[in-house]
């Protein structure tokens, strides 16, 4: 089978969940013997070498740099139209069995992709659901959401006729999109995690350094991560400190905003960008993921599980995953119950170890990138034989 993945920007570095997904899915499909290519703007030398090393081809695409400014392809579409990328898709699509258009911005290139036998849009998350889960922010934010929903829906109506199916990482996102786009064929293919890179060996002694350390990780340029970090320190941490005053909190991730930087104190460290999150996970007594907004599958939860770390999380952070309260995660949705869960794990080392081991077993059984690629293949070829 032959695959062409189309991205609006080259999927590198792997600090973005979507680029992580493209890299690992293409690596797995190529490793299974398929011919896999990624069509986008020119990669850096490092990125080109990384994709060559996993057996993925990089056909010639548009030159220069993509632009964030310019006209839309259809009236009121929220996405800038890139005629150079559209031309490259038209030139290449007919040479492949399946074209995978990555994220909602590339849906508009479905007419050019239609030259392939199968056209799939890997939406990853539903963009309308994602924005609607952010705190309201007042009338202005609600108005902007309504405008975006209207414009995104028009774009979907205009271009979905050339798409065979839409793929999402979680059932929640798939159902929200299907409700909005009645008649569209949807499927799910969750993310995975690299269980060799994120492994108990790399996290030997996780949480056993003698200090009470709570870790939250994520790219802080993503608004839901900023909201979760703020909720953790402003709403949850005071109750934890009341019971365990020695507890340290680490906020780990690139692009901390002014709001996140303001959380720093004697007991709160904001690291900014780190090249490797594993040492921070290794130091964690608890990985806390009190997500209040956002959608999709949380890679940070998969990474913590793979490292064998005990995790507390909100129901929202667990969506689309085989999370079982008390078995592989402690689920807590209020500030008080989340603080209680953190304190329980800090106080009970044997339970931390059991919970962490169960998380590792969960990813080994169902959430490796190999599993993800198999589900992605089934999602993309569903109905192709019939």
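Read-outs throughout are calculated quantities, based only on the coordinates presented, and are distinct from any laboratory measurement. Remember, predicted model here, so these are calculated numbers, not experimental data. Cβ sites come from the backbone with ideal geometry, for glycine too, and all protein chains shown count toward neighbours.
Along its three principal directions, the equivalent ellipsoid of the range 86-156 from the Cα gyration tensor extends over semi-axes of 32, 11, 7 Å, largest first.
Please work out the Cα center distance from the range 275-325 to the range 245-269, rounded to the nearest Å. The range 275-325 and the range 245-269 have Cα centres separated by 17 Å. With Rh defined as the Kirkwood radius, the inverse of the mean 1/r over Cα pairs, the Rg/Rh of the range 213-366 is 0.92. Contact order normalised by length for the range 213-366, with contacts defined as Cα pairs under 8 Å and 6 or more residues apart; what percent is it? That works out to 24 percent. Based on the alpha-carbon gyration tensor of the range 143-186 and its eigenvalue square roots a ≥ b ≥ c, which shape applies: rounded if a/c is under 1.5, prolate if not and a/b is larger than b/c, or oblate? Oblate. Structural descriptor for the range 23-76: relative contact order 37 percent, calculated from alpha carbon pairs under 8 angstrom and at least 6 residues apart. Value of Rg to Rh for the chain, rounded to two decimals, is 0.98; Kirkwood radius and Rg both from alpha-carbon coordinates.
When the helix-only estimate is applied to the chain (DSSP H runs of n ≥ 4, each -39,500 (n - 2.57), divided by the residue count), what is the mean residue ellipticity at 222 nm, nearest 500 deg cm²/dmol? It would help to have the intermediate numbers written out before the result.
Details: 15 runs with 152 residues, N = 386.
Taken over the chain, the calculation gives -11500 deg cm²/dmol.
Between rounded, prolate and oblate, where does the range 32-115 land on the alpha carbon gyration tensor, with a ≥ b ≥ c its root eigenvalues, rounded for a/c under 1.5, else prolate if a/b exceeds b/c? Oblate shape, in that a/c is at least 1.5 and b/c is the bigger or equal ratio. Based on C-alpha pairs under 8 angstrom that are at least 6 apart in sequence, the chain has a relative contact order of 15 percent. Inter-label distance, residue 248 to residue 84: 4.7 nm, where each label sits 7 Å from its Cα along the C-beta direction.
Computed log10 I(q)/I(0) for the range 131-285 at 0.15, 0.18, 0.19 Å⁻¹: -0.98, -1.12, -1.17, from the Debye equation with unit scatterers placed on every C-alpha and solvent omitted. Going from the fewest other Cβ atoms within 10 Å to the most, the residues 69, 222 appear in the order 69, 222.
With a 10 Å Cβ neighbour count serving as the proxy for reagent exposure, in which order, fewest first, do 101, 107 appear?
Taking fewest neighbouring Cβ atoms as first place, the list is 107, 101.
Among 282, 300, sorting on how many other beta-carbon atoms sit within 10 Å of each Cβ, with the fewest leading, yields 282, 300.
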